[in-house]
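Notes to accompany the following structure.
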Amino acid sequence: MLITSQFWLFANTIFNSIQAKKLFAFLSLGAIAGAFTGGELTGIFMDVYTLQPETLLPICAVVLVATIPIVNWILILKRDPSGKTITFKEKREKAAARSKNPISDILHNKHLKLIMGLIAVSVVATTIIDFQFKSVVESAFESEAALTSFMGRFYGRVSLIAFLIQFFIGTYFTRKYGINGSIMLLPLALLLSSAAMLLIPGLFMATLTRGIDQTFKHSIDRTGRELLFMPLTNQLKKRVKVFVDLFVKHGAQGLAGLLLIGLTYGLGLGVQSLGVVVVSLIVIWILIARKASKSYIGQLRYSIQKQVNKTNGLKAKTADETGYLNSISGKLYREHGIPTSEMSRILNHPDPDIPCDVLRFMNQPFNDNWANSNGDEFTQADLTNTENQINGGKVKKVNNLTPHELTETIRQEVIRYSKLIKIFSLFRQIHSEKSKKLQNYLEFEIELSSRKIFGFLSQNYKHEDISNAYRAISGDDPDLRAEAIEFVENLFSWEIRKIIFPILDNFPNRDSLDNGFTVEFSNSDEIITFLNKTLPPPLRAEITETIEDIVQNHGEIV
């Protein structure tokens, strides 16, 4: 038990949120395979080689010692080039509470209290389910040999089913339904089977209920429960996780034993009557799981907001913003009298076209005049009028779109984004000044496209959440980016997530983007046609001339 807890603590420490979501399912798969292999090897050692039980202990010790080089190898992989071990979320950990008492940590952290409650209630409920199952099975078989044979086949087949579920649908299920689906699947399934056990008691329903418990507990549910710890700092996880895994679980099992004694011997309840208690506990389990999933999202939201706000800059992020946003603010104030606070409002306006128009104007890599989102010339006078337009409500709105229309709008922008990425990757293969000039613009336009995608998303979700998530995803901190991706994946609907998954998985890579929206261009004319349709009018002539010149000097680019 201690080794298992330490393993998951180690995994929680070295992986960030998005890595954990992808890999924990495979780690659970390895645990299932290891349990099956260990059982089979034990049988071989005992039956074939006639080893005594005490002889198996040195073999176990050798296996554990063999894992030490593997752990060291993993730690080496997690070192930066300077040789310093990377400490994930180091800044947050320095500000974390220094308490060394895990009980105090749990009592002062709502999310930890929910995790502890979730584990405790689930252990009590499943312990009673196990008692029901064993009682029914014992009464169903007269001989000990038949009972042993049934139990062996049952647990062997359950392990196989758990392995297959985790292998084929574990990662997909976790990503599609998020943390809420992962920790709600087991109690919901047990609620249905336990309710059926009340109505149709017997060996079949008892076996089905226990099978559901053992199948999902060690697969999808295990992944979800481990993910609940991810938003916590490493220091806090190190202090409380082993305590929760050991003392809370074993304490809950002891409590379940006392409860069973009271219910069976004290109140005289039978196996079927215990179903009422089980159903009641599972309902409480579901309520706690629902609150825990909301708390998980809240923890991610708080962490992202706290770290993003430390930048103290304008709430905007593109490829070139890091170096020139402050100069933009100063220039607008000196030349046009627009305060920094007003510029911030412009760049964070809910209509995604407004900040994109402003940033296009300020970047100006090709022309002095730019076109706004309506195709009209965008000049310096528009900067002064933009705030008046915002206050007067005269800008184009997209928040009146239906969910279906909004999803289609986002899909069209993702298609545009994907094509820009494709063109960018093609021109990266050509080394010339004009190609580099075009790449700089395309990269800028790609950033504006990603900004628009998140801007559209803010129409149906809290604008501050989307703004902070975008800043984190487009930033330089890989752990903060992973937290933000995990946050939005648990926030958005599945229909939207299917569309933006390729962007989230690929961000911030500019070399390639392989997804269902990508269209291969057959020649440079198709690229010119696409860019002429999607770029501001003042740029089209120079873009066309640039591409034609590159083709003439370097040959066809596709």
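The values are calculated or read from the model by the stated rules, or taken from the named source; none is laboratory data. For clarity, every value in this text was computed on a predicted model and none was experimentally measured. Positions of Cβ are generated from backbone atoms using ideal geometry, with glycine treated the same way; all protein chains shown enter the neighbour counts.
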Practice task
Those residues that are basic (Lys, Arg) and within 22 Å of residue 504 (Cα to Cα), I need them from region 429-453; list them, please.
Solution key: 451, 452
Exercise for the section: Would you be able to say whether some residue in region 227-243 is under 25 Å from residue 154 (Cα atoms) and assigned to a helix (DSSP H, G or I)? Expected result: no
Completion exercise
Checked 133, 150 against criteria (within 21 Å of residue 272 (Cβ to Cβ), assigned to a helix (DSSP H, G or I) and in contact with an Asp or Glu (Cβ under 9 Å, 6 or more places away or on another chain)); the one match is 133
Exercise for the section: Tell me which residues, restricted to region 160-174, are crowded, with 18+ Cβ neighbours inside 10 Å and within 25 Å of residue 499 (Cβ to Cβ). Expected result: 170, 171, 173, 174
Exercise for the section: Would you please name the residue that is nearest to the chain's Cα centre (by Cα), looking only at residues in region 425-462 that are aliphatic (A, V, I, L, M) and surrounded by fewer than 20 Cβ atoms within 10 Å (Cβ to Cβ)? Expected result: 426
Practice task
Kindly indicate whether any position in region 185-192 is surrounded by fewer than 20 Cβ atoms within 10 Å (Cβ to Cβ) and more than 18 Å from residue 289 (Cβ to Cβ).
Solution key: no
Problem - Positions within region 523-557 being in a loop (DSSP other than H, G, I, E, B) and modelled with pLDDT of 80 or more, in sequence order - result: 523
Handout entry: Which numbered condition residue 5 fails, given (1) modelled with pLDDT under 75; (2) loosely packed, with under 12 Cβ neighbours inside 10 Å
Key = (2)
Exercise for the section: Sort through 229, 168, 173, 204 and tell me the only one that's over 22 Å from the mean Cα position of the chain (by Cα) and either in the same structural domain as residue 7 (by TED's automatic domain parsing) or farther than 21 Å from residue 127 by Cβ (or both). Expected result: 204
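Check region 417-424 and report whether any residue there is of a type in the set (Val, Ile, Thr), assigned to a helix (DSSP H, G or I), modelled with pLDDT of 80 or more and surrounded by 18 or more Cβ atoms within 10 Å (Cβ to Cβ).
Restricting attention to region 417-424, the residues satisfying the condition of being of a type in the set (Val, Ile, Thr) are 421, 423.
If we keep only those that are assigned to a helix (DSSP H, G or I) too, we end up with 421, 423.
Those left that are additionally modelled with pLDDT of 80 or more: 421, 423.
Imposing the further condition that a residue be surrounded by 18 or more Cβ atoms within 10 Å (Cβ to Cβ) reduces the set to 421, 423.
Yes: region 417-424 contains one or more residues that are of a type in the set (Val, Ile, Thr), assigned to a helix (DSSP H, G or I), modelled with pLDDT of 80 or more and surrounded by 18 or more Cβ atoms within 10 Å (Cβ to Cβ).
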Practice task
Quick one: in region 522-552, of everything that is over 21 Å from residue 449 (Cβ atoms) and of a type in the set (A, V, I, L, M), which residue is surrounded by the fewest Cβ atoms within 10 Å (Cβ to Cβ)?
Solution key: 541
Handout entry: Index of the failed condition, residue 178 passing every other in (1) surrounded by fewer than 17 Cβ atoms within 10 Å (Cβ to Cβ); (2) under 24 Å from residue 30 (Cβ atoms); (3) not charged (D, E, K, R)
Key = (1)
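Report yes if some residue within region 245-258 is under 21 Å from residue 30 (Cβ atoms), in a helix (DSSP H, G or I), assigned by TED's automatic domain parsing to the domain that holds residue 19 and modelled with pLDDT under 90; otherwise report no.
Scanning region 245-258, I find at least one residue that is under 21 Å from residue 30 (Cβ atoms), in a helix (DSSP H, G or I), assigned by TED's automatic domain parsing to the domain that holds residue 19 and modelled with pLDDT under 90, so the answer is yes.
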Handout entry: Test result for residue 324, of a type in the set (Phe, Trp, Tyr), at pLDDT 85 or above and assigned to a helix (DSSP H, G or I)
Key = no
Exercise for the section: For region 236-251, indicate whether the set of residues that are among the hydrophobic types (A, V, I, L, M, F, W, C) and without any contact (Cβ under 8 Å) to a residue 40 or more places away in the chain is non-empty. Expected result: yes
Completion exercise
Here the residues within region 167-208 that are closer than 20 Å to residue 138 by Cα, in a helix (DSSP H, G or I) and in contact (Cβ under 8 Å) with a residue 60 or more places away in the chain are 194, 197, 198, 203, 206, 207
